[in-house]
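Novice: Handing you a structure now.
The values are calculated or read from the model by the stated rules, or taken from the named source; none is laboratory data. This structure is a prediction, so every number in the text was calculated from the model and none was measured. Because the Cβ atoms are built from the backbone with ideal geometry, glycine has one as well, and the counts that use them run over all protein chains shown. We work out accessible area using only protein heavy atoms, side chains counted, and drop any ligands, DNA or RNA first. Shrake-Rupley method; radii C 1.70, N 1.55, O 1.52, S 1.80 Å.
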Amino acid sequence: PTMRKSTVAGAVLCALALSAGAQTKVSGKLSCSKPDVNSSAEVPDAAGHVVALTKANCTWPTGLEIEGVKAKSAVDVGVAEVHGSSVKSHGYNVSTMDNGDKVSVSYEGTATPNKDGSGTFKGTWKWISGTGKFKGIKGSGTYKGTQSADGAGMADIDGEYTLSAPAAKKGK
């Protein structure tokens, strides 16, 4: 269960990284600490079948930048389902930008755990909401990363966004 919990946390961390993007290209590096919520339960139908829930706090060492505003911190909450060495995850990442506005993404992906609980993860994400300057954000992207045995992780986030800004386009 410990290995599986860590794998879940890694997937969650990846999701966090995703939360800061939008049809203009964006990228960043998200670093998530060891999850402060990290629980799992075995499903009694088959050996190695576990469902886990994690919540971690994250920072953006390489900030995701949208319209000149950088992402500074994030919270990632995710669920993973483990079947032996197969891990599928999904969750949500909410990043707080330097100006105080927030952007949220949903993500889903897979992870490959090592015996010690470390591993790699990858997946896709999409914007689900934004506040203030980022209201109406749309777009999607990918993430990939690594996690340590304690569930802390680092993810590279790439994607794109569009904002429906009121003064964005004037007809010809």
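Novice: Could you list, in their original order, any pairs among 88/133; 25/115; 72/135; 72/122; 72/115 whose Cα atoms are separated by more than 27 Å?
Specialist: Table pairs above 27 Å Cα-Cα are 88/133; 25/115; 72/115.
Novice: A further question follows. Report, ordered by chain and residue number, the aspartates and glutamates lying within cross-link reach of residue 138, taken as a straight Cα distance under 18 Å and ignoring same-chain residues fewer than 8 apart.
Specialist: In chain and number order, the partners are 65, 67, 101, 108, 158, 160.
Novice: So how much slack lies between residue 67 and residue 148, counting 0.36 nm per residue of separation and subtracting their Cα-Cα distance, in nm?
Specialist: Details: separation 81, 0.36 × 81 = 29.16 nm, distance 3.27 nm.
Full extension from residue 67 to residue 148 adds 25.9 nm.
Novice: Can you give me the accessible area per residue for the stretch 58-159, using a 1.4 Å probe, in Å²?
Specialist: Result: 47 Å² of accessible area for each residue.
Novice: At 1.4 Å probe size, with the rest of the protein present, what percent of the exposed accessible area of the stretch 39-172 is carbon and sulfur atoms?
Specialist: Numbers: 3800 of 7120 Å².
Answer for the stretch 39-172 is 53 percent, counting heavy atoms of protein chains only.
Novice: Using the Cα centre of the stretch 101-153 as the reference point, and only Cβ charges (+1 on K/R, -1 on D/E), how large is the resulting charge dipole? Debye, rounded to the nearest 20.
Specialist: 320
Novice: Using 1/(1 + (r/R0)^6) with R0 = 35 angstrom and r between the beta carbons of residue 114 and residue 79, what's the FRET efficiency to the nearest 0.05?
Specialist: FRET efficiency, residue 114 to residue 79: 0.95.
Novice: Over the Cα atoms, compute the radius of gyration (one decimal) and Dmax (the largest Cα-Cα distance, rounded to a whole number) for the stretch 80-132, in Å.
Specialist: 14.4, 44
Novice: While we're looking at this one, here's another question. Only Lys, Arg, Asp and Glu count, each charged at its Cβ (+1, +1, -1, -1), so figure out the dipole size of the stretch 55-123 about its Cα centre, rounded to 20 debye. Before the final figure, lay out each step's value.
Specialist: Values: 7 positive and 8 negative charges, 39 e Å.
The calculated dipole for the stretch 55-123 is roughly 180 debye.
Novice: Quick one: Karplus J couplings for the stretch 108-122, per residue in order, coefficients 6.51, -1.76, 1.60, θ = phi - 60°, nearest Hz, x for Gly and Pro?
Specialist: The phi angles translate into 8, x, 10, 9, 10, x, 9, 4, 7, x, 6, x, 10, 8, 7 Hz.
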